[in-house]
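Have a look at the structure below before the remarks.
Any read-out appearing in this document is the output of simple, stated calculations on the displayed coordinates, not a laboratory observation. These figures come from a predicted structure and were not determined experimentally. Because the Cβ atoms are built from the backbone with ideal geometry, glycine has one as well, and the counts that use them run over all protein chains shown.
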Amino acid sequence: MTPFQYARANDVADAIKQIATDPSAKFIAGGTNLIDLIKYDVEGPTRLIDISHLPLRSVEPTSAGGVLIGAMVPNTDLAYHPMIEQRYPLLARAIMSGASQQLRNMASTGGNLVQRTRCFYFYDTTTPCNKREPGSGCSAIDGVNRINAILGTSEACIATHPSDMCVALAALEATVHVAGPAGTRTIALADFHRLPGNTPQRDTNLEPDEIITAIELPPQGFSANYSYLKIRDRLSYAFALVSVAAALELDGDTIKDARLALGGVAHKPWRSSAAETVLRGERANASAFARAADILLHGAKGYGHNNFKIGLARRAIMRTLAQAARGTPQSNSDKKIR
Amino acid sequence: MASYIGSATSRIDGRAKVTGEARYAGEFNVPGLVHGYVVESAIPKGRVVGIDTSGALEVDGVIDVLTHRNRPPMADNDDAYKDEVATEKGSPYRPLYDDRILFGGQPLALVLAEDWESARVAASRVRIEYQKEPHVTDLHAQRDTAFAINTPEKPRGDAAKAFASAAVRHAAEYFIPTEHHNPMELFASTAIWDDGRLTVYDKTQGVQNVQQYLCGVFKMKPDAVRVMSPYMGGGFGAGLRPQYQVVLAVLGARALKRPVRVMLTRAQMYALGYRPATIERLALGANSGGTLDAMTHEAIAVTSQFEEFARNDVGWGNLLYKSPNAKFEHKLVKLDVPTSCDMRAPGAATGVYALECAMDELAVALKTDPVQLRLQCYSDRNQGEDIPYTSKQLRECYRQGAAAFGWDKRKAEPRSMRDGSELVGWGMASGVWEALQMPATVRIVLTANGHAEVATAASDIGTGTYTIMAQVAADMLGLPIDNISVKLGDSTLPQCPLEGGSWIASSVCNAIANTARAVRGDLLKLAKGMKDSPLADASVDEVALMDGKIVSKRDASRAVPIASAMHSGNAERITREEANKVAEDKSHARNVHSAVFAEVKVDEELGVIRVTRVVNAVAAGRILNLKTAHSQVMGGVVWGIGMALHEETLFDHRFGRVMNANIAEYHVPVNADVHDIEVIFVEEPDEIVNPLGIKGLGEIGIVGVAAAIANAVYHATGKRVRDLPITLDKVVQFN
């Protein structure tokens, strides 16, 4: 563990100023991931800038008809917010299927986006890991890789992004609002997380001197036909082997619009516009769902222990789309998968 | 008379625990306390060729870094390191002794600092240079190196021949991976060095075992070492042997002449003992009538390179089923890992899992109901020793368990029961464990104000020992339970064995009864000395202590208040110390039994398994406390769910390291995995096993649970998964 100094940021401008002056500093909000990483010696910031008090805790409607979520809104507050529950239940369900109540109470919306992988080797500093130590090699490719990625992998890294919330945000086509020394900008959620390529040490396209200020949801929340299904090795408090966010806009049983994103399978929430396009105009039935699944999983590759994820993902996609089409989303309290 | 024994008395230490008043080994604060942090080996085998502690010593607050090079002196012979439960063969591990690395995560240095965080920071700056040696950590890969050890179970007849000619045969291998105990409380020791005297607060299931061990390791006189463990946040067998942090704490305290606390992290606890990965091979042969002709049970289990740890995996069939031909073999494979150790129902949790899955497979082959097959093969005698049981209500366990579960509604065919998208499976298994008693001594101090202190050096590892002792003492002394105080977990108290093997309840409670009888005798003497004593001609067995009085059993009107008797004799207190009588009698087998019934629902496409119902019917002699007993068995069932579906210590054999050394990735059941659990205690009066008829409950709750669930998964899906844990990818073929 590395000792660190602690400082509190008073406002967004102050936070940006503070991080700019110290390249080894890191922001801390809920700390549910960063503190673990410090204890494990995976991260060693010499300065923590506490942004948890920044005035970014509101959930408000936008003039465009969507919702703007402050980056410091705790995961629990977001999941239970009436506007989210009613208009974006897919997001509420995804959040509630992650972590535990205590962690969700602490974790922030912005922090959820930048949580790091759960790959075993990333956490074990005695083993090679390109994400932790670029150039050292990937131990997971030939190692214990049950939890690792099957899509968008590279020879350098087969880690997954562990978030549930981000899978729903990807399906809902959220936008990330960030601020930095050069001002503010927005990043589409699809472009926020990166694939590992040759630079697996970089999880996101957020610059080191930038801060997430808000997440914006567009007006369409798919509140009638959606489901978030998370498959894992126990029925709660475990990361996804595969998770699926599905959202449909139906006209009778014809699909007008579709969104489909996977978690637990790639370095980022996995989406394919082709898979969604193939659903549009089709009847909401198993053969259409199977076609979409096949497109979304195109190029999937197993690494031994995780080979099963390909077939599991295909079936999970079909089931989740069926739940969404029926209007019977997966329940978090009853773990039965209907 | 028994008003407390058998009742659902709440824990007498419950308030202390929920208020935080109860203190654990890592919570005893003393002035000048130094905090130790362990630096572990990054490699599983080799030598330390260099340790650079300079970076660590530069950290503010760091006092010293101990390594094998600069530690205080320790004993240099194996005997000194052999604790009560050390393996018969081998050289016990010596913490921080020399440059040899025997397993991954082995402690190589202890950073001592004024506070915990400074010690942790400094620990990450200790640089160790290794000379690596080739290592092995994979049981399957090393299987050919397995060697047989002596097992008490002798062969009968010719099992191989009988199997070959059996009408119906089943032979298969089952596998249980390495599992870790993961008690909630982290292992910790606080060692206080005071001018040649040592006081240690330790997380242990046996304070006297640790005391004796420390005397050996540090060549100290018994009266100079005191070990205390008043409360324990879960042991499960992990705290039977002294763990390395206690040695490190004492080394630190001796080196600095200051009190030192060493608390392990969760990850570091994966370098302690564990349930050994075990391959179990069963071969069962039955005649067409559905009784066993041949039973072969072989086990291959993991131990370390330096000790041979083994428990009885293979002998349980002898206790459950008649078979004229039988053969048992237990083998070990030595790997570069810590020595395996006891973990709840050691040997039985694994061995009975395999046996009871094999019996289920045999029932399928015979087209016989699984309960019916067990009744057909039922043995009223221990087959190995050919002796009867002190009591065995296992038939009643099957009957009551099946009735509560609704077993008669089961359709025999796999995949024949369904609930929407889920396949429903019903499975069952038998459970068996030993009813042991060990020598224990209890001291009772009865004061004239009607209060009694009951003391022995036992540990309450969370099972309720404080409470059952108070219940038994209250009944035996005729006092309200609030007037009883119980003292445990101090090596200076009267002799008591380790808390393990389910033997503490029977050992300690029978000792209480004997001590209470001696107290009664003293009271009677005092009562007789009173003028016109109504008990003048009574003998000790003709009186009882009830409602604060010494009462004639023949004539309740003849009674003397305890207080009056003591006052008249000027006795302020009566102190007595007696032991239980441990039977040498080998004419009976002593066992507890259970029948476990489980319902699973399995998503047919996705393989997700939910254990929706478990009924566990247990026959374990006299149940002392319905509430704590129920919790104990329910906890065993929950653990059995974990064993069946979740638990597995994952190794990367290339590095010889545990990869999921934390409780986020080492899965145990969470609330969502646990549904209805019904615990039934079957009446089992037993006047032979010991005077109070107590058999013990610690282990039996888990035995058979994993098998019942595995059998239910088969019944639901038609897929037989023989290697635990049963994950969704083993149930469904996805690709």
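Miscellaneous remarks
- Eigenvalues of the alpha-carbon gyration tensor of the stretch B:140-246, scaled by 5 and square-rooted, set the equivalent ellipsoid semi-axes at 46, 17, 13 angstrom, largest first.
- Viscosity 0.692 mPa s, temperature 37 °C, Stokes-Einstein D of the stretch A:81-180 from Kirkwood C-alpha radius, µm²/s: 213 µm²/s
- Rough spin-label spacing in nm, given labels placed 7 Å along Cα→Cβ, for residue A:188 and residue A:2: 3.5 nm
- Cα-Cα pairs of chain B separated by more than 51 Å (percent): 17 percent
- Modelled FRET efficiency - R0 25 Å, residue B:482 with residue B:567, Cβ distances, 0.05 increments: 0.70
- Sites residue B:169 and residue B:395 - FRET efficiency at Förster radius 25 Å, r taken between beta-carbons, to 0.05: 0.40
- Counted by Cβ distance under 12 Å from residue B:145, the other residues give a net charge of +1, where Lys and Arg count +1 and Asp and Glu count -1.
- Restricting the calculation to alpha carbons of the stretch B:524-640 gives Rg and Dmax of 25.7, 85 angstrom.
- Degrees, to the nearest 10: A:286-296 long Cα axis against longest axis of chain A: 30 degrees
- Less than 5 angstrom separates the built amide H of residue A:28 from those of A:49, A:50, A:51, all sequence-distant by 5 or more or on a different chain.
- Descending principal axes extents, the stretch A:5-52, alpha-carbon based, whole Å: 31, 20, 13
- CD proxy at 222 nm, helix term only [per DSSP H run n ≥ 4: -39500 (n - 2.57); per residue of the protein assembly as shown; nearest 500]: -7000 deg cm²/dmol
- If R0 equals 56 Å, the separation of the Cβ atoms of residue A:64 and residue B:266 corresponds to a calculated FRET efficiency of about 0.75.
- Each Lys or Arg adds one and each Asp or Glu subtracts one; over the other residues with Cβ under 12 Å from the Cβ of residue A:109, this totals 0.
- Counting Cβ atoms of other protein chains within 10 Å of each residue's Cβ and taking the mean over peptide B:653-659 gives 5.
- If you take all other residues with their beta carbon under 11 Å from the beta carbon of residue B:641, and give Lys and Arg +1 and Asp and Glu -1, the sum is 0.
- When only Cα pairs below 8 angstrom with a gap of at least 6 residues are kept, the stretch B:1-158 shows a relative contact order of 36 percent.
- Scaling against 2.2 N^0.38 Å puts the C-alpha radius of gyration of the stretch B:177-332 at 1.43.
- Sequence-ordered 3J(HN,Hα) estimates for the stretch B:235-240 from the Karplus curve with 6.51, -1.76 and 1.60 and θ = phi - 60° stand at x, 6, x, 5, x, 6 Hz, glycine and proline given as x.
- Estimated vicinal HN-Hα couplings, Hz - the stretch B:218-232 in sequence order (Karplus 6.51, -1.76, 1.60; Gly, Pro = x): 10, 6, 10, 6, x, 7, 9, 10, 10, 10, 10, 8, x, 9, 9
- Structural size metrics of the stretch B:498-573, computed from C-alpha coordinates, are Rg and Dmax of 14.7, 50 Å.
- Between residue B:453 and residue B:665, the modelled label-to-label distance comes to 4.9 nm, taking each label 7 Å out from Cα in the direction of the beta carbon.
- As a length-normalised measure over Cα pairs under 8 Å and 6 or more apart, the relative contact order of the stretch A:226-326 settles at 29 percent.
- Rg(Cα) / (2.2 N^0.38 Å) computed for the protein assembly as shown, rounded to two decimals: 1.01
- Relative intensity, log₁₀ I(q)/I(0), of the stretch A:226-326 from a Debye sum that treats every alpha carbon as a point, q = 0.10, 0.15, 0.22 Å⁻¹: -0.25, -0.54, -1.09
- The ellipsoid equivalent to the alpha-carbon distribution of the stretch B:583-656 has semi-axes of 33, 21, 12 angstrom, derived from the gyration tensor eigenvalues as √(5λ) and listed largest first.
- Distant-in-sequence amide H partners of residue B:130 (H built 1.01 Å from N, under 5 Å): B:49
- For the stretch B:93-116 versus the stretch A:21-68, the inter-centroid distance based on Cα atoms is 36 Å.
- Distant-in-sequence amide H partners of residue A:174 (H built 1.01 Å from N, under 5 Å): A:189
- Per-bin percent of Cα-Cα distances, the stretch B:107-155 [10 Å]: 17, 23, 20, 19, 17, 5, 0
- Tail fraction, Cα-Cα pairs, chain A, threshold 33 Å, whole percent: 24 percent
- Of all complete DSSP H helices in chain B, those with a Cα span along the helix axis of 20 Å or greater and a mean Kyte-Doolittle hydropathy of -0.5 or more are B:348-366, B:504-528, B:626-645.
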